[in-house]
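Undergrad: Sharing a structure here in structure tokens format.
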Amino acid sequence: MLFMRPYRDGDSFPEITPAPGKGLYFLALDGDKLIGFARWRMTMDGIRLEEIEDSGDPEVFDGLLRGVLNMAMEQGIERASFSDQIRPDRLATSMVPVDRENGLKSISYFLENYKKCKMF
């Protein structure tokens with residue numbers, strides 16, 4: 001069963017190495033097996049998604065992306081930006097309306113209005 005959650009103290013996955021200043025992690029797990037992760041960090045005006053590893057599965061990408069964005073929205077954060085490591089084709093498949101700065105101006109609008117993504 002697929003389960004997604006933030007990285008916790010005590011987690012140990014050789015694929016990721018949390019370090020101060022390198023960002024926070026959100027995990028996709030199949031039981032105890034890590035099948036994907038999102039690395040993100042806080043910025044002055046929102047969050048920045050640095051990396052999403054989805055094991056080649058666009059549904060895992062979508063779940064990780066929405067998980068991180070939902071956590072940000074719950075903290076009152078509305079703006080997200082995406083590093084060059086985030087695949088534009090995956091953002092397009094998840095129907096993320098990125099702006100010219102490769103960002104998302106309203107996390108809440110996206111999560112409220114793009115609930116049913118294109119079928120994979």
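Since every read-out is calculated from the coordinates, none of them should be taken as a lab result. Bear in mind that the values here come from a model prediction, so they are computed numbers and not experimental data. FYI the Cβ positions are ideal-geometry reconstructions off the backbone, even for glycines, and counts take in every protein chain you see.
Undergrad: Answer yes or no as to whether Lys115 is of a type in the set (D, E, K, R), within 23 Å of Tyr7 (Cα to Cα), in a loop (DSSP other than H, G, I, E, B) and without any contact (Cβ under 8 Å) to a residue 60 or more places away in the chain.
TA: Criteria not met by Lys115.
Undergrad: Let me ask something else about it. Restricted to segment 46-62, and to residues that are touching a residue at least 40 places away in the same chain (Cβ under 8 Å) and buried (at least 20 other Cβ atoms within 10 Å of the Cβ), which residue is farthest from Tyr109 (Cα to Cα)?
TA: By that ranking, first place goes to Val60.
Undergrad: Which of the residues that make up segment 35-74 are within 22 Å of Met1 (Cβ to Cβ), part of a strand (DSSP E or B) and either polar (S, T, N, Q) or touching an Asp or Glu at 6+ places or on another chain (Cβ under 6 Å) (or both)? Can you show your working first?
TA: Within segment 35-74, the first condition is being within 22 Å of Met1 (Cβ to Cβ), and the residues that meet it are 35-38, 52-68, 70-71.
Cutting the leftovers down to part of a strand (DSSP E or B) gives us 35-38, 52-53.
Across segment 35-74, the qualifying residues are Gly36, Phe37.
Undergrad: Which residue, of Arg90, Arg100, is basic (Lys, Arg) and either at positive phi or more than 14 Å from the chain's Cα centre (by Cα) (or both)? Break it down stepwise before answering.
TA: Working: Arg90 fails: either at positive phi or more than 14 Å from the chain's Cα centre (by Cα) (or both).
Checking each option against the conditions leaves just Arg100.
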